[in-house]
Amino acid sequence: MIPASYESPRLLGEYLLLHYGSGTDLRHPSLPLPDDLTSTPFPVRCIRELLDPSLLSSDATAFEAGCAVGASAFELARSCHTVMAGDFSHSFITAANRLAAEGMHDAVLTVEGESVRPFTARVPAEIDRSRVRFAVQDAMALPHGLGPYDVVLAANLICRLPEPETFLGRLPSLVKPGGQLLLTTPFTWLEEFTPKEHWIGGRVEGPSSEEELTRRLSSTFRLHRRIDLPFLIREHGRKYQLGIALGTSWIRTA
């Protein structure tokens, strides 16, 4: 079951900012980090760094699991004719559908304590929002007959699933032969999300999470790109979460 925090207005504001905020919106003036970390939103950077548009046809299709409030799905629509995206959070999908319909969504960001300020998330005007469809969806129980797609994306999802191996086992049927699988994850294993027996690596004297992920994918996918992708989540005006996701893209081979 999804934690109640994933349906809260506060977390919705944090994710709208992560997905659509500018550097000015996101960063405190004294934040000791390079500007390029926040000048382009993390979900947009995931697509720009990992997707290889040269491998796509004009009628390419894409699917995103764990899309949150949708910025990656909209970015995929620059290169893919149709994009289907799902998330377990009703709050996130309601916001994503509003962004698809209206191109914008108002939210509030915490300054400190109960003090808030307004923020408006906007989809870039040049993106054809009609190419994207959002639905409430459980990545652990995806509908039968889904796909296959030219592109499948799961951004910072794997270490938030109760049984990530179930999702990984479904990927070969979701990606067309020659298609692209895009994954990002900081491998933040927490038992509140994933029981320890289902962690992919990260145990004492065992393989690393990256090694274990590679082992599980390499029978049907070939590694195409690998990059570290830092991301910043603003909790309030003076408190942030800094993470570094491993970004990989894979080509379906078998």
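The values are calculated or read from the model by the stated rules, or taken from the named source; none is laboratory data. All values reported here derive from a predicted model rather than from experimental measurement. All Cβ positions, even for glycine, are placed from backbone atoms using ideal geometry, and neighbour counts span all protein chains on display.
Yes or no: region 34-55 includes at least one residue that is assigned to a helix (DSSP H, G or I), modelled with pLDDT of 95 or more, surrounded by fewer than 23 Cβ atoms within 10 Å (Cβ to Cβ) and polar (S, T, N, Q). Yes, region 34-55 contains at least one residue that is assigned to a helix (DSSP H, G or I), modelled with pLDDT of 95 or more, surrounded by fewer than 23 Cβ atoms within 10 Å (Cβ to Cβ) and polar (S, T, N, Q). Among the residues of region 98-113, those that are crowded, with 17+ Cβ neighbours inside 10 Å, under 18 Å from residue 7 (Cβ atoms) and not charged (D, E, K, R) comprise 99, 105, 107, 109, 110. In region 146-170, the residues that are farther than 15 Å from residue 220 by Cα and free of Cβ contacts under 8 Å to residues at least 60 places away in the same chain form Cβ pairs under 7 Å with partners that are surrounded by fewer than 18 Cβ atoms within 10 Å (Cβ to Cβ) and aliphatic (A, V, I, L, M), at six or more places apart or across chains, as follows: 161/140; 162/140; 163/140; 166/140.
Residue-by-condition table, conditions (1) more than 25 Å from residue 243 (Cα to Cα); (2) touching a Gly at 6+ places or on another chain (Cβ under 8 Å); (3) of a type in the set (Lys, Arg); (4) at pLDDT below 95:
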{"site": "140", "(1), (2), (3), (4)": "no, no, no, no"}
{"site": "143", "(1), (2), (3), (4)": "yes, no, no, yes"}
{"site": "150", "(1), (2), (3), (4)": "yes, yes, no, no"}
{"site": "158", "(1), (2), (3), (4)": "no, no, no, no"}
{"site": "168", "(1), (2), (3), (4)": "no, no, no, no"}
{"site": "173", "(1), (2), (3), (4)": "yes, yes, no, no"}
{"site": "178", "(1), (2), (3), (4)": "yes, no, no, no"}
{"site": "181", "(1), (2), (3), (4)": "no, no, no, no"}
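Of all residues in region 241-254, which are buried (at least 17 other Cβ atoms within 10 Å of the Cβ) and touching a Lys or Arg at 6+ places or on another chain (Cβ under 6 Å)? Once the filter is applied, which keeps residues that are buried (at least 17 other Cβ atoms within 10 Å of the Cβ) and touching a Lys or Arg at 6+ places or on another chain (Cβ under 6 Å), region 241-254 yields 248, 249, 251. Taken as a whole, the structure leaves residue 106 outside the set of residues that are touching a strand residue (DSSP E or B) at 6+ places or on another chain (Cβ under 9 Å) and closer than 10 Å to residue 134 by Cα. You will find that of 225, 160, 170, the residue that is basic (Lys, Arg) and touching a strand residue (DSSP E or B) at 6+ places or on another chain (Cβ under 6 Å) is 225 and no other. If you take the residues in region 1-24 that are part of a loop (DSSP other than H, G, I, E, B) and among the hydroxyl-bearing types (Ser, Thr, Tyr), which one is modelled with the highest pLDDT? My answer is 22. Scanning region 189-221 for residues that are in a loop (DSSP other than H, G, I, E, B), loosely packed, with under 15 Cβ neighbours inside 10 Å and of a type outside the set (A, V, I, L, M) yields a count of 10. Applying a threshold of 7 Å to beta carbon distances and a minimum spacing of six or more residues, or different chains, the list of pairs starting in region 25-54 at a residue that is of a type in the set (Val, Ile, Thr) and ending at one that is surrounded by 18 or more Cβ atoms within 10 Å (Cβ to Cβ) and outside any helix (DSSP H, G or I) reads 38/27; 38/232. Going by the conditions given, is residue 153 within 19 Å of residue 70 (Cα to Cα), aliphatic (A, V, I, L, M) and buried (at least 22 other Cβ atoms within 10 Å of the Cβ)? For residue 153, the condition - within 19 Å of residue 70 (Cα to Cα), aliphatic (A, V, I, L, M) and buried (at least 22 other Cβ atoms within 10 Å of the Cβ) - is met.
Restricting region 165-188 to residues that are under 15 Å from the mean Cα position of the chain (by Cα) and farther than 20 Å from residue 57 by Cβ, the residue that is surrounded by the most Cβ atoms within 10 Å (Cβ to Cβ) is 184. Is it fair to say residue 39 is more than 19 Å from residue 154 (Cβ to Cβ) and touching a Gly at 6+ places or on another chain (Cβ under 6 Å)? So residue 39 fits the description; yes. Within region 107-135, residues that are of a type in the set (Ser, Thr, Tyr) and at pLDDT 95 or above reach partners that are in a strand (DSSP E or B) and crowded, with 17+ Cβ neighbours inside 10 Å with beta carbons closer than 9 Å, at six or more positions or on different chains, in the pairs 120/105; 120/107.
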